[in-house]
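Peer 1: Encoded as structure tokens, here's the structure I'll be asking about.
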Amino acid sequence: MKKYQKLIVSLLIPLLIGFAGSLITSSSLDTWYPNLNKPAFNPPNWLFAPAWTTLFILIGLAFYLVWKDNFGGSYKLPVFIYFSQLILNFLWSMLFFGLKNPLAAFIEIIILWFFILINIITFYKISKVAGILLIPYICWVSFASVLNYYIFILN
């Protein structure tokens with residue numbers, strides 16, 4: 001596969017997973033979510049889509065960089081960790097917005113956080129830039145974890 005094809009596939013994978021998650025999320029944004037008690041630091045709803053789109057692009061670029069470097073010679077671990085964290089990311093949307101279960105979502109987002117950390121370490125060993133590109137992702141998920149926790153506590 002040519003480099004530009006790898007880049008396109010690398011970007012499409014997280015963007016499509018994010019889009020699938022947004023379909024679950026959107027069903028609750030006008031009904032369930034507005035009625036929740038939220039902490040004062042809760043960002044406005046309009047911020048989430050551009051933030052996640054940017055993060056999914058960075059996640060895709062990181063994957064492209066390690067794919068371009070042939071996954072450091074062994075694709076199994078980097079690919080497993082990468083897709084695991086993407087699946088966990090999608091699962092959070094299902095738990096929080098789909099099932100409307102902030103407690104289950106909070107437990108799950110902690111697991112997601114650790115998978116992102118492992119993903120950063122694994123990618124960094126293959127491509128320093130790829131690992132660094134994932135730092136905004138773990139920062140945002142750290143913030144989302146705190147937000148998720150407070151929403152659980154306040155409701």
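Peer 1: In the Gaussian network model of the chain, springs joining C-alpha atoms below 10 Å, which of LEU117, LEU77, LEU91 carries the largest mean-square fluctuation?
Peer 2: LEU77
Peer 1: Here's another thing I want to ask about it. Do you know the relative contact order of the stretch 1-88, to the nearest whole percent, from alpha carbon pairs under 8 angstrom that are 6+ apart?
Peer 2: Values: 35 pairs, mean separation 46.5, N = 88.
Worked out over the stretch 1-88, it gives 53 percent.
Peer 1: Show me the chymotrypsin sites (Phe, Trp or Tyr not before Pro) within the stretch 8-84 that DSSP assigns to loop and that have at most 13 other Cβ atoms within 10 Å of their Cβ.
Peer 2: Loop-located and lightly packed - TRP32, PHE41, TYR75.
Peer 1: A further question follows. For the chain, what relative contact order do you get, as a whole percent, if you take Cα pairs closer than 8 Å and at least 6 residues apart? Walk me through the intermediate numbers first.
Peer 2: Working: 162 pairs, mean separation 49.6, N = 155.
After rounding, I find 32 percent.
Peer 1: Hey, what number do you get for the chain at 222 nm if only DSSP H runs of n ≥ 4 count, each worth -39500 (n - 2.57), divided across all residues, to the nearest 500? Write down the numbers at each step before the final one.
Peer 2: Working: 6 runs with 120 residues, N = 155.
Mean residue ellipticity at 222 nm (helix-derived): -26500 deg cm²/dmol.
Peer 1: Moving on to the next point. Mind counting lysine pairs for me in the stretch 3-154? Cα separation below 24 Å, and the two need to be 8 or more apart along the chain or on different chains.
Peer 2: Close lysine pairs under the 24 Å cut-off: 14.
Peer 1: A further question on this structure: Taking 8 Å as the Cα distance limit and 6 or more residues as the minimum spacing, I'd like the relative contact order of the stretch 80-155 as a percentage.
Peer 2: Working: 62 pairs, mean separation 23.6, N = 76.
Value for the stretch 80-155: 31 percent.
Peer 1: Quote to one decimal, in nm, the extra length available between ALA20 and ILE110 on full extension: 0.36 nm per residue of separation minus the C-alpha distance between them. Intermediate values should be presented prior to the final figure.
Peer 2: Numbers: separation 90, 0.36 × 90 = 32.40 nm, distance 2.10 nm.
Contour length minus Cα-Cα distance gives 30.3 nm.
Peer 1: Go ahead and run the numbers for FRET between ILE118 and ASP69, Cβ-Cβ distance against an R0 of 22 Å, rounding to 0.05. Before the final figure, lay out the partial values.
Peer 2: Details: r = 18 Å, r/R0 = 0.82.
Rounded to the nearest 0.05, the efficiency is 0.75.
Peer 1: List the residues of the stretch 19-58 whose backbone N lies under 17 Å from a point placed 7 Å from the Cα of TRP140 along the Cα-to-Cβ direction.
Peer 2: Counting backbone N atoms under 17 Å from the label point, the list is 19-26, 42-58.
Peer 1: I need the phi-derived Karplus couplings for the stretch 94-101: 6.51 cos²θ - 1.76 cosθ + 1.60, θ = phi - 60°, integer Hz, Gly and Pro marked x.
Peer 2: 5, 6, 6, 8, x, 8, 6, 10
Peer 1: How much space per residue, in cubic angstrom, does the convex hull of the C-alpha atoms of the chain take up? Could you put the intermediate results ahead of the total?
Peer 2: Working: hull volume 15.1 nm³, N = 155.
Output value, Cα hull per residue: 97 Å³.
Bear in mind that the values in this text are calculations on the coordinates, not laboratory data. Quick caveat, the model's predicted, so the values are computed rather than measured. Cβ sites come from the backbone with ideal geometry, for glycine too, and all protein chains shown count toward neighbours.
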